[in-house]
Amino acid sequence: MATNSSFAVSDFLGRSLTVYKENFALLLNFSCAASAPVIFKMLLQSSSDPALAALGTLLGPATFCLYVFFFLCLMYLAASLIEGQVLSGKEAVAYVWSKFWRGVGAYLIFGIAVLGGLVLLVVPGVYCFTVLSFFPFAILLEDKGLWAAFKRSVELVKGSFWPVLGANGVVLFITIAVFIPLTLGLKMMGVGDTVLFVILGIVGALMAPAFVVFYYLIYDFLKNEKDGTLNISVRES
């Protein structure tokens, strides 16, 4: 049975910041690559030109696919760096491409489950996010299929639900503590909605790598608890 005596969120956060600082440029490149299409799409949709707004809507599926692809690259790179394997961006891209469509399908299902749960009663959405959120690592690092990745995430979280939920709460608190004051401050300065969205997108891209590392460390801890392995081995590209 898994024990949670070593589940120290503060340690995970500290290690996340250390890894991020040591690999800032590489991780940030992929974080920005994931965020840029989303920001561009939203800028188009906020345009007063109906043609541009319509184009932004049409670009939705492509934007989603680009976001998923580069975010998976970010996750794979973060895992490889923590495990001491030095990969180039090109190697990460080549590896993630082989699992791309599986990742897209999984993210669609995950999003529907979480958003559907939040809309219905909130609690089911929070539950789904907590128990299913490690599916990308199961796809990338354990070569799990689409449904098997979700089952693996549930298996890992079983017995550690409350610590993982608490870790999610910490991430939410940090996000709120950054974005709400920033948004209010920019609004008070008279910044328009378009510029505001771009600034918030950039800040989100800056924060994302640290959170990705944070969740990988939790995934690795849970895997160790379940499987008795000290570390996972990042697959060769």
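The values are calculated or read from the model by the stated rules, or taken from the named source; none is laboratory data. Remember, predicted model here, so these are calculated numbers, not experimental data. FYI the Cβ positions are ideal-geometry reconstructions off the backbone, even for glycines, and counts take in every protein chain you see.
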| query | Does T175 satisfy the criteria of being surrounded by fewer than 16 Cβ atoms within 10 Å (Cβ to Cβ), touching a residue at least 40 places away in the same chain (Cβ under 8 Å) and among the β-branched types (V, I, T)? | reply | no
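For region 87-96, enumerate the residues that are farther than 16 Å from F137 by Cβ and either surrounded by fewer than 13 Cβ atoms within 10 Å (Cβ to Cβ) or of a type in the set (S, T, Y) (or both).
Across region 87-96, the qualifying residues are S88, K90.
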Those residues of region 137-155 which are of a type in the set (K, R) and not in a helix (DSSP H, G or I) amount to K144
Within region 118-136, residues of a type in the set (G, A, S) and either in a loop (DSSP other than H, G, I, E, B) or modelled with pLDDT of 95 or more (or both) come out as S133
Of the listed residues (L43, L77), the one being hydrophobic (A, V, I, L, M, F, W, C), assigned to a helix (DSSP H, G or I) and surrounded by fewer than 20 Cβ atoms within 10 Å (Cβ to Cβ) is L43
Going through region 103-149 in order, the residues found to be under 24 Å from D227 (Cα atoms) and over 14 Å from the mean Cα position of the chain (by Cα) are Y127, C128, V131, L141, E142, D143, K144, G145, L146, W147, A148, A149
Filter region 93-106 for residues that are in contact (Cβ under 8 Å) with a residue 40 or more places away in the chain and part of a helix (DSSP H, G or I); the one that is farthest from Y219 (Cα to Cα) is A94
